[in-house]
Amino acid sequence: MAGFLARRLGAAALVALGVATITFLLIHLAPGSPLAGSGENPYVSAAALEQMRRNFALDQPLYVQYLRYVGNLLRGDWGISFTMHRPVLDAFRDALPNTLVLAAAALLVDFLLGITIGTLQGMRPGSPLDRACSGLTLTLYSVPVFWLGLMLVLVFGQELGWLPVSGVVDPILYPARGILGKLADRAAHLLLPALTLGLVGAAATARYQRAAVLEVIRQDFIRTARAKGLSEGAVARHALRNAILPTITLLGLSLPMLLSGAVLVETVFAWPGMGRLAVEAIQRRDYPVVTGAATLVALAVVAGNLVADVLTRFADPRSREPR
Amino acid sequence: MKPILSVRDLTAVFALRGGLETRAVDGVSLDLFPGETLALVGESGSGKTTLALSLLRLIPDPPGRIDSASRIEFDGTDVLRLDAGALRRIRGGGMAMIFQEAGSSLNPVMTVGAQIAETVRVHTGLGRRAARGRARDLLADVGLSDPERLDQYPHQLSGGMQQRVMIAMALAGAPRVLIADEPTTALDVTIQLQVLDLLADLQQRLGLALLLITHDLGVAARIASRVAVMYAGRIVESAPAARVFGGPQHPYTEALLQAVPRLDRPAGRLPAIPGQPPRASEWPAGCRFHPRCRHAWARCREQEPALLSADADHAARCWLLAEPERRAQ
Amino acid sequence: MTRRVRIGLAAVALLYLIAWLAPLLAPYDPAAQLDLVSGRLLPPSLAHPLGTDPLSRDILSRLLFGARFSLSIAAVAVLVAITVGTAVGLVAGLAGGLVDAFLMRSVDAALAIPRVFLLIVVLALWDTGGLTALVLVLGLTGWFPTSRLVRAEVLSLRQRDFVLAARGLGLPRWRVAVRHVLPNAVAPIVVTATLGVGHTILIEAALSFLGIGVRPPLPSWGNMIADSQAFLATAPWLATVPGVAVVATVMTFSILGEALRDTIDPRRR
């Protein structure tokens, strides 16, 4: 297992480097220099401009710039934000946990809802339940995630007034609350964004899981399970243990999709995470933040792949055999 | 002695596209007595596997269903009228089944021990540890005494071993009847013999009634006490093993036996049965074998024979039993 | 051609017809600010069946023209994606060896990057704007699945007899590819394309929502939803209507795509 992990980490590092390279190339191949737009950018001070010039060493040949860039990345110097006047990594340090919390909650919703519905559908294909769920998942799958968020805000925030619709905590009441109150406040604020992000993912997961269960249920060992006298529930568990494998891989790989969705959901719900940070940076042409975010996303993707790989190895005994 | 399993007029109907229906098993009756091995012999398409699956109601519905006139009595209980809970107790507990491809019939992501122990727990009240111990004993009974086997996965075992695991799992609920659907077909010849001998041995030791389904006459000859031959959804001959192999009454059985290569006959072309077995949607009128039978005459084309008795315990579905002079030379 | 496929095709044709005829069907000019004094944020009425937006523009008209933009952008982008993807897949499958390995590793790496994020970064950095850039970038980030598909087809057909026969007759590889291999790949490509149009519409809506897709004053369902955020309390239909349009349109393509996939699937493998 250790050897496997080491090899995978090595591969992951290579991919991360690859993405950083792509990001670098994107910046430097874009029309004009990376700082071209910043000259007229009202947010950028002369001092920041100088700092960037030094950091990027724009007068040097490309390969030197590249090496310095990678060196900086590794040393933890990801540049200074043009508009926030603080190191990029600092800004990330504040925003990243919020996004991670949102992503984790959404993943939970996605996983629980998607697998449950998908399995129920797969065990009873063609039934009214199956058809109804298929219609539901098809609809959800066609919904733009940001619009879903807005609709949820409309219904639950505005019309019904049940849930808060912006921020991580209530800015006024939060500091005064006790531990439980604080947790409740956080949970209430997390609910709608996580639901929005998770529902669309759940639709995709359910469809995938349904197909996986259908595939498994046709197999001989399911017939054996019934012949042994197992209850339908136990048979479903047998099916699930097999059908869940491709879905787990899918979930590991869905981290990128979650991050994309997070960008949109954070905008709708004013959630102070990486997504909103990136969007604002883009709108203000804050390049260091944009490239830093791109690199971070790449790392997240690599991590997601790694997790999926490890989970599959762990869950499917057949993949452990030496070939 | 009363039969432990008694089947009467079993008919399994399958719905095809376009509203058609076919009867893969058409009015089959048979008895299985405790302690005996009944071999059900037939080619693929004869309906023998459907018959086996029907006994435990494992035919998926849709598209298949068992006709309401059928009766399957296990130890006095009509299996077809049981509710879900009682049916589950019979499955594995009263009648157990093993399948042809043991490899794909075992859950690939569970250890062998876990799968057997699960069956033990379902049919006895044993707890986890006790069930695991019982699983170890069962594996030893089928010749896999290495305790490491318990924690191995199916794909780590050879075909023969996988089949042994299936047998162990089938015996976990202490059934009285074991239905073996082509248990050796997917195995090497030498392993086939081992598994067959194992089945015969277990049957004797545990007093099981064994229903062995096969297309291989050699397999039937090795361990069966009685043989029933199936063709086109019907039983066409039924007799003690020695009689069937020594003096078959139905032309189909005759032809099957003649097609078996034998060491004591001069080598030459093996006589093959002309034509193909009919598909379930196209049973011929009259006697279903008549298009391929060298003795067939008008009566065979028009009227399907019932099972006629050649003897006290030997019956065949053929008009030759009524009109022996019609037998061609 | 099952009934589902026929219905799906009819629905898609209807959508494109509406989009094409938008100039005729729209009651007003979508850019016209009709009455800034008392005509803003009007609820649905006979004069304005879907109401008016914050700049007193008729929503129905904007919706129709938005359809025009979204549907055509998606169609062209998918066309670009299929073309590039097919070409790359053919080359990879036929060339084999290092070329194949390099191309497919690159595709793997590219697929690992979240498409929306990549689009956001690229479109933001190349700020020249314009729909051409949007369409091109959408297309150039969407060809990866097609290339994989085509490559798989090529690989599976390479060893088939009729291909070997053609090669044996001295036909050059590319000719074999185009005349013999490609026709077999058409069906799954069509499925991918159909589903791709639906995806692209969703992505374009997201980009327009963020302000980097179809930019104002041009109407897109995405940017209409963006504009509606501030008025959620006073004019909820502003946000609801474009969203419903997106959902209905994407669903149509999904249903058609799946119906097509069902027709080719059992017949083949």
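Residue check: C:A112 meets all listed conditions (1) modelled with pLDDT of 85 or more; (2) within 12 Å of another protein chain (Cβ to nearest Cβ) but one, namely (1). Contact annotation: residue pairs with Cβ atoms under 6 Å, 6 or more positions apart or on different chains, pairing a residue in segment A:147-158 that is buried (at least 19 other Cβ atoms within 10 Å of the Cβ) with a partner that is among the polar types (S, T, N, Q), are A:L148/A:T196; A:G149/A:T196; A:L152/A:T196. Considering only residues in segment C:198-228 that are facing another protein chain (nearest Cβ under 7 Å) and free of Cβ contacts under 8 Å to residues at least 24 places away in the same chain, the one that is farthest from A:S142 (Cα to Cα) turns out to be C:G211. Given the criteria touching a residue at least 24 places away in the same chain (Cβ under 8 Å) and surrounded by 21 or more Cβ atoms within 10 Å (Cβ to Cβ), does B:V260 qualify? Answer is no for this residue. Right, C:A74: out of contact with any Gly (no Cβ under 9 Å at 6 or more places or on another chain), under 28 Å from A:L255 (Cα atoms) and either among the aliphatic types (A, V, I, L, M) or facing chain A (nearest Cβ under 9 Å) (or both) or not? Spelling it out, it is not the case that C:A74 is out of contact with any Gly (no Cβ under 9 Å at 6 or more places or on another chain), under 28 Å from A:L255 (Cα atoms) and either among the aliphatic types (A, V, I, L, M) or facing chain A (nearest Cβ under 9 Å) (or both). Is it the case that some residue within segment B:113-120 is β-branched (V, I, T), under 27 Å from B:T214 (Cβ atoms) and surrounded by 22 or more Cβ atoms within 10 Å (Cβ to Cβ)? Yes, there is a match, as at least one residue in segment B:113-120 is β-branched (V, I, T), under 27 Å from B:T214 (Cβ atoms) and surrounded by 22 or more Cβ atoms within 10 Å (Cβ to Cβ). Scoring B:P154 on the criteria (1) over 27 Å from B:P34 (Cα atoms); (2) surrounded by fewer than 22 Cβ atoms within 10 Å (Cβ to Cβ); (3) within 13 Å of chain A (Cβ to nearest Cβ) leaves a single failure, condition (2).
So that you can scan it fast, the table gives a plain yes or no per residue for (1) in contact with a His (Cβ under 9 Å, 6 or more places away or on another chain); (2) in contact (Cβ under 8 Å) with a residue 40 or more places away in the chain; (3) buried (at least 18 other Cβ atoms within 10 Å of the Cβ); (4) assigned by TED's automatic domain parsing to the domain that holds B:A242:
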site	(1), (2), (3), (4)
B:T11	no, yes, yes, yes
B:A15	no, yes, no, yes
B:E21	no, no, no, yes
B:A24	no, yes, yes, yes
B:P34	no, yes, no, yes
B:E43	yes, yes, no, yes
B:D67	no, yes, no, yes
B:R71	no, yes, no, yes
B:D75	no, yes, no, yes
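Considering segment A:230-304, there are no qualifying helices (runs of 4 or more DSSP H) wholly inside with 3 or more residues that are of a type in the set (S, T, Y). Report, by residue number, each residue of segment A:244-260 that is more than 10 Å from every other protein chain (Cβ to nearest Cβ) and of a type in the set (A, V, I, L, M). Correct list: A:I248, A:L250, A:L251. Of all the criteria given as (1) touching an Asp or Glu at 6+ places or on another chain (Cβ under 6 Å); (2) without any contact (Cβ under 8 Å) to a residue 60 or more places away in the chain; (3) among the hydrophobic types (A, V, I, L, M, F, W, C), the one not satisfied by B:A316 is (2).
Which of the residues belonging to segment B:83-124 are farther than 25 Å from B:Q192 by Cα, touching a residue at least 40 places away in the same chain (Cβ under 8 Å) and not in a helix (DSSP H, G or I)? Once the filter is applied, which keeps residues that are farther than 25 Å from B:Q192 by Cα, touching a residue at least 40 places away in the same chain (Cβ under 8 Å) and not in a helix (DSSP H, G or I), segment B:83-124 yields B:G94, B:V109, B:M110, B:T124.
Please work out which residue is modelled with the lowest pLDDT, limiting yourself to segment A:204-219 and to residues that are assigned to a helix (DSSP H, G or I) and within 11 Å of another protein chain (Cβ to nearest Cβ). Checking each candidate, the answer is A:I217. Residues that are in contact (Cβ under 8 Å) with a residue 40 or more places away in the chain and not aliphatic (A, V, I, L, M) within segment A:179-226 comprise A:P193, A:T196, A:G198, A:G201, A:T205, A:R207, A:Y208, A:Q209, A:R210, listed in sequence order. Filtered by the rule that a residue be touching a residue at least 60 places away in the same chain (Cβ under 8 Å) and among the small types (G, A, S), segment B:223-256 gives B:A224, B:S225, B:A228, B:A232, B:G233, B:S238, B:A239, B:A241. Apart from one condition, B:S54 fits all of (1) at pLDDT below 90; (2) under 24 Å from A:R124 (Cβ atoms); the exception is (1). May I ask you to say which residue of B:I167, B:I116 is closer than 19 Å to A:R237 by Cα and not assigned by TED's automatic domain parsing to the domain that holds B:L212? Unique residue meeting the criteria: B:I116.
A quick yes/no check of all residues on (1) more than 9 Å from chain C (Cβ to nearest Cβ); (2) in contact (Cβ under 8 Å) with a residue 40 or more places away in the chain; (3) buried (at least 18 other Cβ atoms within 10 Å of the Cβ):
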| site | (1), (2), (3) |
| --- | --- |
| A:A262 | yes, yes, yes |
| A:A270 | yes, yes, no |
| A:G273 | yes, yes, yes |
| A:V302 | no, yes, yes |
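Would you tally the residues in segment C:1-52 being outside any helix (DSSP H, G or I), aliphatic (A, V, I, L, M) and over 30 Å from C:D262 (Cβ atoms)? Residues flagged as outside any helix (DSSP H, G or I), aliphatic (A, V, I, L, M) and over 30 Å from C:D262 (Cβ atoms) within segment C:1-52 amount to 12.
Residues of segment C:53-97 that are buried (at least 22 other Cβ atoms within 10 Å of the Cβ) and not in a helix (DSSP H, G or I): C:D53, C:R57, C:D58. Would it be correct to say that A:V153 is within 10 Å of another protein chain (Cβ to nearest Cβ), at negative phi and modelled with pLDDT under 90? So A:V153 passes the test.
Taking the conditions (1) more than 30 Å from B:L87 (Cα to Cα); (2) out of contact with any strand residue (DSSP E or B) (no Cβ under 9 Å at 6 or more places or on another chain); (3) buried (at least 21 other Cβ atoms within 10 Å of the Cβ) in turn, A:Q283 satisfies each one other than (3).
Across segment A:220-236, the number of residues qualifying as of a type in the set (V, I, T) and either under 13 Å from B:A84 (Cα atoms) or more than 8 Å from chain B (Cβ to nearest Cβ) (or both) comes to 2.
When C:A233 is tested against (1) more than 17 Å from C:A77 (Cβ to Cβ); (2) at the interface with chain A (Cβ under 10 Å from one of its Cβ atoms); (3) assigned to a helix (DSSP H, G or I), exactly one condition is not met: (3). Between B:L138, B:L150, the distinction of being in contact with a helix residue (DSSP H, G or I) (Cβ under 6 Å, 6 or more places away or on another chain), without any contact (Cβ under 8 Å) to a residue 40 or more places away in the chain and under 20 Å from B:A209 (Cα atoms) belongs to B:L138 only. Only a single item in (1) within 16 Å of the chain's Cα centre (by Cα); (2) more than 14 Å from chain A (Cβ to nearest Cβ); (3) crowded, with 18+ Cβ neighbours inside 10 Å is not met by B:T49, and it is number (2). In this structure, B:S225 qualifies as surrounded by 12 or more Cβ atoms within 10 Å (Cβ to Cβ), over 22 Å from B:D26 (Cα atoms) and in contact with a strand residue (DSSP E or B) (Cβ under 9 Å, 6 or more places away or on another chain).
The values are calculated or read from the model by the stated rules, or taken from the named source; none is laboratory data. Since we're looking at a predicted model, the values are computed, not measured. Heads up, the Cβs are rebuilt from the backbone with ideal geometry, glycines too, and the neighbour counts pull from every protein chain shown.
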